[in-house]
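See below for the structure under consideration.
The values are calculated or read from the model by the stated rules, or taken from the named source; none is laboratory data. Just so we're clear, the structure is a prediction, and the values are computed from it rather than from any experiment. Every residue, glycine among them, receives a Cβ derived from its backbone with ideal geometry; neighbour counts consider all protein chains shown.
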Amino acid sequence: MAKKKFVVASFDDEANLFPAVEKTRKAGYKIHDVYTPFPMHGLDHVMGLRETSLHTAGFIYGILGTCTALGCMSWIFVSDWPQIYDGKPHFALPAFIPITFELTVLFAAVGMVYTFCWLCQLAPFVKKHIFHPRQTDDIFVMAVECTAQTDVAELERFFDDKGTVSVEIQEAEAGWWWGRFDKEQQIINENAVEVL
């Protein structure tokens, strides 16, 4: 995967982060991501992110579970192995409801977990670049991706009066990869921790 250049701004207070994110977005810069030590209500709206479609995926998985349950039980009791129990019809829908409900919930829950992990790129052995060693500890970090039109020096000056603790330029892979961090990344992180 090709490496990209990022300007990484660190903040020590959320009161400085919100206006900086809003001004950065209005200035037309491409915000790669914002890392915070705790969930911040309203940050997704300030970043201009669209609402998640996870609830739609959950509905689709639930319908798939319902269809699977009704389809399997109908095929088993009507076509494959029809038996009459005390005059009960082959397609006894009221008797199918508990299993249908359970499979609906199972498909929706498991499907939403896998979809969430896929969308957030979470899995064992999946690695992403760490822009700051304290980015989820006590520092708020905003990574801005530098495009071909981005003037890096101007972007650094842009962050100077936004309440930043530090502004630095990093080259990193924008996506995720399988495996371990390479030795160069481990050395960078260890040196950064020693400095702090």
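Data for the structure
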quantity: Residue tally, condition in contact (Cβ under 8 Å) with a residue 40 or more places away in the chain and either surrounded by 17 or more Cβ atoms within 10 Å (Cβ to Cβ) or among the acidic types (D, E) (or both), over the stretch 5-29; calculated: 14
quantity: Hey, C117 farther than 30 Å from D33 by Cβ and either assigned to a helix (DSSP H, G or I) or among the basic types (K, R) (or both) or not; calculated: no
quantity: Among (1) in contact with a Lys or Arg (Cβ under 9 Å, 6 or more places away or on another chain); (2) small (G, A, S); (3) not in a helix (DSSP H, G or I) - the single one A95 does not satisfy; calculated: (3)
quantity: Condition check for Y85: surrounded by fewer than 13 Cβ atoms within 10 Å (Cβ to Cβ), outside the structural domain of Y35 (by TED's automatic domain parsing) and without any contact (Cβ under 8 Å) to a residue 60 or more places away in the chain; calculated: yes
quantity: Any hit, the stretch 147-160, residues being crowded, with 16+ Cβ neighbours inside 10 Å, more than 15 Å from A27 (Cα to Cα) and of a type outside the set (D, E, K, R); calculated: no
quantity: Residue in the stretch 30-51 that is surrounded by the most Cβ atoms within 10 Å (Cβ to Cβ), counting only those that are touching a residue at least 40 places away in the same chain (Cβ under 8 Å) and out of contact with any Asp or Glu (no Cβ under 8 Å at 6 or more places or on another chain); calculated: V34
quantity: Looking only at the stretch 114-130, and only at residues there that are under 24 Å from T68 (Cα atoms) and surrounded by 14 or more Cβ atoms within 10 Å (Cβ to Cβ), the one that is modelled with the lowest pLDDT; calculated: F116
quantity: Unmet requirement for G111, which otherwise passes all of (1) crowded, with 16+ Cβ neighbours inside 10 Å; (2) in a helix (DSSP H, G or I); (3) at pLDDT below 80; calculated: (3)
quantity: Flag if Q135 is under 19 Å from the mean Cα position of the chain (by Cα), outside any helix (DSSP H, G or I), modelled with pLDDT under 80 and within 29 Å of F18 (Cβ to Cβ); calculated: no
quantity: Criterion: in contact with a His (Cβ under 9 Å, 6 or more places away or on another chain) and either assigned by TED's automatic domain parsing to the domain that holds E154 or at pLDDT below 90 (or both) - qualifying residue of V34, V78; calculated: V78
quantity: Test: A95 is surrounded by 12 or more Cβ atoms within 10 Å (Cβ to Cβ), of a type in the set (A, V, I, L, M), in contact with a Leu (Cβ under 7 Å, 6 or more places away or on another chain) and over 30 Å from L17 (Cα atoms); calculated: no
quantity: Residues of the stretch 138-153 satisfying the condition of being part of a loop (DSSP other than H, G, I, E, B) and among the acidic types (D, E); calculated: D138, D151
quantity: Near pairs, Cβ below 9 angstrom, 6+ apart or cross-chain, from the stretch 154-178 (outside any helix (DSSP H, G or I)) to any residue that is modelled with pLDDT of 80 or more and of a type in the set (S, T, Y); calculated: K162/T24; T164/S10; V165/S10; S166/S10; V167/S10; E168/S10
